[in-house]
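The values are calculated or read from the model by the stated rules, or taken from the named source; none is laboratory data. Keep in mind that what you see is a predicted model, and the values were worked out from it rather than measured. When we count neighbours, we look across all protein chains shown, and the Cβ atoms used for this are built from the backbone with ideal geometry, even at glycine. Only protein heavy atoms, including side chains, enter the accessible area calculation; ligands, DNA and RNA are left aside. Shrake-Rupley method; radii C 1.70, N 1.55, O 1.52, S 1.80 Å.
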Amino acid sequence: MSDAAERILTLLRDAHGFVSGEAICRELGSSRTAVWKQINKLREAGYRIASAPRRGYALEAPPNVPLPVEVTPLLHTRRLGKALHFLPQTESTNQVAAELARGGEPEGAVVVADAQTSGRGRLGRQWFSPPGTNLYVSVLLRPDVNPVRVPQVSLIGALSVVRAVHRLHPGLELGVKWPNDVLLGGRKLAGILCEMAAEIDHVHHLILGVGLNVNVTREQLPAEVADSAVSLRDALGAETSRSRLLAAFLDELEQAYDLWTDAGLAPFLDEWRELSILRGRRVKLAALTEEVEGTAADLSPDGALLLKLPDGSVRPIHSGEAHVLAY
Ligand code: BTN
């Protein structure tokens, strides 16, 4: 978005009503035609702007697109999202964020796209990423910790999604499913893909990628996930602002990440237990090289799923995917 368009937007937003064309021209030091051209560009970008003779222009509604010009004024962070890269479409925001990381971009940079053409899910799956509806976000982090602790960040990411959604919609019945899915009414609302570049004892960078089903309709969902996925819109019957949700998520993630850096996972364990949909359930765990069945007993202080096996022993599972066998 051009500098002139951004300044016009700020004027219209601050006015909470009509601003005369003349006042805008004066403020920008440009002609009426130039202002009119910028207004049209804003309209093309999805802004609803009313115009009336002798009254000027008024902002009626922004587009529901997480544009930096919409998200930035809502952020209360110190680092996260200070560099906010918006792309109308890209292959995968995790991929773009990794390229930025390799180029030396500092911690806290965020990549958000309106659509992804090769959205990546965990375990080599695809992430359905149509335009105009959901959030596809990647956050670049550079935690100064041993790489074995990094999976904890995805637990923190899932809790931050829950907190952000609750900020906007306090009543929703959200849950988490180890290691990092966010569920709504038992169906998947958001998923997290953490990818890192590390040496054995040093993390170069970590990309925390979040896909959150915000406004996608059930009819839009591909058949293979239609029964297992859900969106906020499905549950609420109304649209959620992607900009507000993204800003809330980045606020929550920064707070949680800073606390985790100082104090580890301990301050989050109770909240996780409370939200966990697996606790006490019989589950089948597809780990890297084997499948194990048992009862999900708890989360260990370092973020492993504690699985109670049929022989009564308890085994910590550090990575894998859990399938609930019985409720
Ligand atoms: C999962 O399988 O549950 C994780 C899904 C993660 C999807 C997000 S969308 C933004 C970021 N970019 C990607 O390509 N994937 C993640």
Checklist outcome for this item: Of the residues in the range 112-134, those that are near the ligand (Cβ under 8 Å from one of its atoms) and touching a helix residue (DSSP H, G or I) at 6+ places or on another chain (Cβ under 7 Å) number 3
Checklist entry - How many residues are more than 13 Å from the ligand (Cβ to nearest atom), touching a strand residue (DSSP E or B) at 6+ places or on another chain (Cβ under 7 Å) and either under 24 Å from Ala296 (Cβ atoms) or of a type in the set (Phe, Trp, Tyr) (or both) when one looks only at the range 174-221? => result 3
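Tell me, which residue of the range 181-202 that is within 15 Å of Val162 (Cβ to Cβ) and surrounded by fewer than 19 Cβ atoms within 10 Å (Cβ to Cβ) is nearest to the chain's Cα centre (by Cα)? Talk me through it step by step, then tell me what you get.
Step one: filter the range 181-202 for residues within 15 Å of Val162 (Cβ to Cβ), giving 181-192.
Within this subset, residues satisfying the condition of being surrounded by fewer than 19 Cβ atoms within 10 Å (Cβ to Cβ) are 185-188.
On the way: Gly185: 19, Gly186: 19, Arg187: 17, Lys188: 14 Å.
Ranking the qualifying residues of the range 181-202, first place goes to Lys188.
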Checklist entry - Between residues in the range 139-164 that are under 14 Å from His205 (Cα atoms) and residues that are assigned to a helix (DSSP H, G or I), which pairs lie under 6 Å by C-beta distance while being six or more apart or on different chains? => result Leu140/Ala97; Leu140/Ala101
Item to check | Candidates Thr77, Thr10, filtered to the one that is closer than 30 Å to His204 by Cβ and among the hydroxyl-bearing types (Ser, Thr, Tyr) | outcome: Thr77
Checklist entry - Could you say whether any residue in the range 13-30 is within 30 Å of Leu245 (Cα to Cα), open to solvent by 50 Å² or more (accessible area, probe 1.4 Å) and not in a helix (DSSP H, G or I)? => result yes
Checklist entry - Quick check: is even one residue across the range 224-245 within 19 Å of Gly157 (Cα to Cα), away from the ligand (no atom under 16 Å from the Cβ) and not charged (D, E, K, R)? => result yes
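Mind checking whether some residue in the range 149-156 is polar (S, T, N, Q) and more than 16 Å from the ligand (Cβ to nearest atom)?
Yes, that holds for at least one residue.
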Checklist entry - What are the residue pairs meeting all of these: first residue in the range 116-130, first residue closer than 15 Å to Leu221 by Cα and open to solvent by less than 80 Å² (accessible area, probe 1.4 Å), second residue of a type in the set (Lys, Arg) and within 7 Å of the ligand (Cβ to nearest atom), Cβ atoms under 9 Å, and 6 or more apart or on different chains? => result Trp127/Arg120
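Within the range 276-289, does at least one residue satisfy the condition of being hydroxyl-bearing (Ser, Thr, Tyr), under 22 Å from Val162 (Cβ atoms) and assigned to a strand (DSSP E or B)? Spell out the reasoning first.
Looking only at the range 276-289, we keep the residues that are hydroxyl-bearing (Ser, Thr, Tyr), and these are 276, 289.
Those still in the list that are under 22 Å from Val162 (Cβ atoms) too: 276.
After this cut, where a residue has to be assigned to a strand (DSSP E or B) as well, the list is 276.
Looking for residues that are hydroxyl-bearing (Ser, Thr, Tyr), under 22 Å from Val162 (Cβ atoms) and assigned to a strand (DSSP E or B), one finds at least one in the range 276-289, hence yes.
Filter the range 43-71 down to residues that are of a type in the set (Asp, Glu) and either open to solvent by less than 20 Å² (accessible area, probe 1.4 Å) or under 23 Å from the mean Cα position of the chain (by Cα) (or both), then give me how many there are. Break it down stepwise before answering.
From the range 43-71, those of a type in the set (Asp, Glu) are 44, 60, 70; that's our starting set.
Remaining after also requiring either open to solvent by less than 20 Å² (accessible area, probe 1.4 Å) or under 23 Å from the mean Cα position of the chain (by Cα) (or both): 70.
Selection size over the range 43-71: 1.
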Next on the checklist: Quick check on my filter: what residues within the range 270-291 are surrounded by fewer than 16 Cβ atoms within 10 Å (Cβ to Cβ) and β-branched (Val, Ile, Thr)?
Outcome noted: Thr289
Checklist entry - Which ones in the range 226-253 are in a helix (DSSP H, G or I) and in contact with a strand residue (DSSP E or B) (Cβ under 9 Å, 6 or more places away or on another chain)? => result Leu232, Asp234, Ala235, Arg242, Leu245, Leu246, Phe249, Leu250, Leu253
Checklist entry - Does Val145 meet the test of being near the ligand (Cβ under 9 Å from one of its atoms), of a type in the set (A, V, I, L, M, F, W, C) and touching a helix residue (DSSP H, G or I) at 6+ places or on another chain (Cβ under 9 Å)? => result no
Checklist entry - What's the number of the condition Ala263 fails, among (1) crowded, with 16+ Cβ neighbours inside 10 Å; (2) modelled with pLDDT of 95 or more? => result (1)
